[in-house]
1. Report, in deg cm²/dmol and to the nearest 500, the calculated mean residue ellipticity at 222 nm for the chain, where each DSSP H run with n ≥ 4 adds -39500 (n - 2.57) and the sum is divided by the residue count.
2. Go through Gln48, Ser2, Val22 and say which Cα lies farthest out towards the positive end of the charge dipole of the chain; charges sit on Cβ, +1 for Lys and Arg, -1 for Asp and Glu.
3. Under a plain spin-label model, where a point goes 7 Å from the Cα along Cα-to-Cβ, how far apart in nm are Asp71 and Ala7?
4. If I model a spin label at Glu38 and Gln98 as a point 7 Å from the Cα along the Cα→Cβ vector, what separation in nanometres do I get?
Amino acid sequence: MSNYDQAVEKLLQAIKMHDSVVDFQKVEEKMKDFPELENLVKDMKAYQQEAVLFHKIDKSCAEKKAGEQADQLREELSDIPIVKDYRAKMQDASDLVQYITNSLETKINEELNNGKR
């Protein structure tokens, strides 16, 4: 295994073990205990798709109604505590990945600008 492969593997393991990722995985697993949430999400997406379709075929009244129904379901989902927790944990994990990505990009660019490869 090359140094690069070893470094990537070490980074992946560190990310997997980071508190924010572990916490996200736990709440993600808890979400599976609530199939009604998945049904709400599916219904919301269906209304959103209907609104887009109605917009394309110039049915503004139907578009508005479908959009309102999608918004109502989104608000309903947003008020559920486990959904709030899921979103917060997902944001934390996303922030970690973004930080790592930006740090790697900066370091690689510095190395390239200094003529190192």
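1. -30000 deg cm²/dmol, from helical runs alone.
2. The residue sitting farthest along the positive end of the dipole is Ser2.
3. Label at Asp71, label at Ala7, 5.0 nm between them.
4. 2.9 nm
Values in this text are rule-based calculations from the coordinates and carry no lab data. Predicted, not measured: the structure shown is a model, and the values here were computed from it. A quick note on method: Cβ atoms are made from the backbone with ideal geometry, for glycine too, and the neighbour counts reach across all protein chains shown.
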